[in-house]
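Read the structure below first, then the notes.
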Amino acid sequence: MSNESITSVLKEARRFAPSKEFSERARVSSREDYERLYKESLEDPETFWRRESADLVFREPWKETSREKGGKGPAKFPFVEWFVGAKLNVTESCLDRHMSTWRRNKAAILWEGELGETRTVTYAELYRETIRLANALAKLGVQKGDRVAIYMGMIPEVAVAMLACARLGAVHTVIFGGFAAEAIAQRVADSQAKIVITQDGGYRRGNVLALKEVVDRAVSQPEAKSVEKVVVFRHLGERGPHVHMTADRDVWWNDIVEESIAGPAKEATIVDAEHPLYILYTSGSTGKPKGVLHTTAGYLVGTHVSFKYAFDARDEDVYWCTADVGWVTGHSYLVYGPFSNGATCVMYEGAPNYPDWGRFWSIVERWGVTTLYTAPTAIRAFIRQGEAWPNKYDLSSLRLLGSVGEPINPEAWIWYNEVIGKGRCPIVDTWWQTETGAIMMSTLPGAVFTKPGSTGLPWFGVEPAVVAKDPSNPSGYREVDANQGGLLILKRPWPSMLRTVWGDDDRFKKQYFSEIDGVYFTGDGARKDEDGYHWVVGRIDDVLNVAGHRIGTAEIESALVSHPAVAEAAAVGRPDDLKGQALVVFVTVKPGNKPNSDLAGRLGDHVANEIGKFAKPDQIRFADALPKTRSGKIMRRLLKDVAAGRTATGDTSTLEDLAVLSKLASDKYEE
Ligand code: WTA
């Protein structure tokens, strides 16, 4: 957010009440109803969760709601177990349970390709396709607990691939289709994936992305040697790139699936509540990406219940979550949450501006979308293109709008409300994280008034607090007064929380529970106002949120220093009106290299190759030396100020004398 936006958030006092019409029909109709449910969720979690998950399929019911892992008594950070003793398979809740109801032939996915072709996949078809692929994966040797990497675009088969893994009790790790070969290899190595599922290619902004070719480059690296088979879905066929199939390793999905669903996966593999469901890699403040581990029952219950209430879900809705399935929003609110509720989901393959900026609104009109869940960065991009685009289309089917991924600035909120929602649709601003698995705060639609820029009230079972560290207190912190900024923490465990960082319990403990002992530290800064509404200002650690993509500064820096010309690098965020934050890097070069625009271009490409194009720095600035504290730490706060133009600096193309600057500023920035 820009400085002006932050100021406007602080001054923002407008309130928008939901319409009477919406509230009367809503699942939760008033703040009192919300408070009652919320109180129950904290004081009697057993009753709350049992009732709210009654429509899910459990082969064995749980005996204990939660406990400390392996211990007795209520759940306590860091290691927890939920719904202890339950046995289930998530696909029975997402698929099988709909087979005996009218939803059997209901659309699960309404798919639209970038070039305009469409497909409708019913629940019965999704069920069949999932079992067919699961049977084939079982024949390839995939067993319960094995890891399977998925590198695909936004096509129905990506959901099929995820569900097929879950059917077998295998652990999927979806890798966003924008990641480069290096990043895939790194994730495969960390998860020791046995299989990679991909597709020949897909469309993005009218270009063909050769996904299989990227997988070839990833899998040929020595660190990716765990991979035994690559399964390739034929999506583009003749229209696509040439696909080279490596003998004994690569197989076509279309060839290995059989027509009949009779096979080992016809019956789902029943697993324990805490059996791993998936790993999703995300950026942290240090080191390489972390494999966030989600497990079976808690995650299913968390996404199921939150989908139902946050989107006030009803059977006749047409719900569209625009997030890519490669991020957590795509996991929780494009697959597990909606399918476990039997919802109809729109899935769109391509870019929001292809062939023009009317694309999103044409999709809303064509499919009669009732519920739209998107990110502020997309809204800001639409604002720039003008109202004429949405105004060309009939958006009257919309009844609810959602926002996720970053703080929404009031200007964008108002535009979303007026131009898209025509003032009729409540906006549900949902705050959560890859680690939380499901929504943790929201402006529950129909129940509470909304305030532009505020993410509202705690979710059921969630106890957030805005605090300052205070070693003199036994808890190690104190809650700050209303409207004071502080660290956002979560005080008690919740069902869909991450269980660990894959293969690294120590990192899990350090990353989330060491800032303040005994509570979960979100990495976000926030304030709570006099109505109990939360205002998240963004990350206060070294994680950036660039156009809704979570990027660790440490990852960018290590990608840069792996380039032979770079001696040192520091990455920081700069407020940006469109992307929320822009990525600025400061680089010192090794002797013999000229810091010029040519090198800057090559370094940008290098980052794109190492991580992915979405992580390419917005600006590369060269310096003689990076400013450091006496103990040798890079002064990031100084660099942030320099990047934001808050300190006088020369032209970006010239070498910046940050060393001098740091001497001048050392008192202010010494840590
Ligand atoms: C930010 C995405 C303000 C926040 C689901 C968080 C938000 C990080 C919101 C997690 C929101 C997400 N308002 N900030 N409604 N939603 N964030 O893991 O900084 O990709 O810590 O999960 O996004 O990003 P992640």
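For region 396-404, check the following and say yes or no: at least one residue is more than 16 Å from the ligand (Cβ to nearest atom), at pLDDT 95 or above and not in a loop (DSSP other than H, G, I, E, B). Walk me through it before giving the result.
Applying the first criterion (more than 16 Å from the ligand (Cβ to nearest atom)) to region 396-404 yields 396-399.
Keeping just the survivors that are at pLDDT 95 or above gives 396-399.
Keeping just the survivors that are not in a loop (DSSP other than H, G, I, E, B) gives none.
Looking for residues that are more than 16 Å from the ligand (Cβ to nearest atom), at pLDDT 95 or above and not in a loop (DSSP other than H, G, I, E, B), one finds none in region 396-404, hence no.
Look at Val230 and say whether it is within 13 Å of Tyr151 (Cβ to Cβ) and touching a Ser or Thr at 6+ places or on another chain (Cβ under 8 Å). Answer is yes for this residue. When Glu418, Glu435 are screened for being away from the ligand (no atom under 16 Å from the Cβ) and either more than 20 Å from Lys39 (Cα to Cα) or not in a loop (DSSP other than H, G, I, E, B) (or both), only Glu418 passes. Screening the candidates Val572, Val543, Val561, Val587 for the property of being more than 12 Å from the ligand (Cβ to nearest atom) and touching a residue at least 60 places away in the same chain (Cβ under 8 Å) yields one hit, Val572. Residues that are within 16 Å of the ligand (Cβ to nearest atom), surrounded by fewer than 24 Cβ atoms within 10 Å (Cβ to Cβ) and under 23 Å from Tyr373 (Cα atoms): does region 314-322 have at least one? Yes, that holds for at least one residue. Among the helices (runs of 4 or more DSSP H) confined to region 1-73, the ones with at least 3 residues that are at pLDDT 95 or above, surrounded by 13 or more Cβ atoms within 10 Å (Cβ to Cβ) and acidic (Asp, Glu) are located at 31-43.
Has region 133-149 got any residue that is over 12 Å from Gly342 (Cα atoms) and either at pLDDT below 95 or of a type in the set (Ser, Thr, Tyr) (or both)? For region 133-149, residues over 12 Å from Gly342 (Cα atoms) and either at pLDDT below 95 or of a type in the set (Ser, Thr, Tyr) (or both): absent. Residues that are without any contact (Cβ under 8 Å) to a residue 40 or more places away in the chain and either over 19 Å from Asp542 (Cα atoms) or out of contact with any strand residue (DSSP E or B) (no Cβ under 6 Å at 6 or more places or on another chain) (or both) within region 597-623 comprise Asp598, Leu599, Ala600, Gly601, Arg602, Gly604, Asp605, Lys616, Phe622, Ala623, listed in sequence order.
What number of residues within region 563-614 are in a helix (DSSP H, G or I) and either among the hydrophobic types (A, V, I, L, M, F, W, C) or under 27 Å from Ile175 (Cβ atoms) (or both)? Steps first, answer last, please.
If we filter region 563-614 for residues that are in a helix (DSSP H, G or I), which is where we start, we get 597-610, 613-614.
Subsequent filtering for residues that are either among the hydrophobic types (A, V, I, L, M, F, W, C) or under 27 Å from Ile175 (Cβ atoms) (or both) retains 599-610, 613-614.
The qualifying residues number 14.
Scanning region 182-215 for residues that are over 27 Å from Gln143 (Cβ atoms), touching a Lys or Arg at 6+ places or on another chain (Cβ under 9 Å) and part of a helix (DSSP H, G or I) turns up just one, Glu182. Scanning region 268-281 for residues that are within 14 Å of the ligand (Cβ to nearest atom) and surrounded by fewer than 19 Cβ atoms within 10 Å (Cβ to Cβ) turns up nothing.
Restricting Leu457, Leu488, Leu444 to residues that are within 23 Å of the chain's Cα centre (by Cα), assigned to a strand (DSSP E or B), away from the ligand (no atom under 12 Å from the Cβ) and at negative phi narrows the list to Leu457.
The values are calculated or read from the model by the stated rules, or taken from the named source; none is laboratory data. A quick note: this is a predicted structure, and the numbers were derived from the prediction, not measured. So basically every Cβ, Gly included, is an ideal-geometry build from the backbone, and we count neighbours across all protein chains shown.
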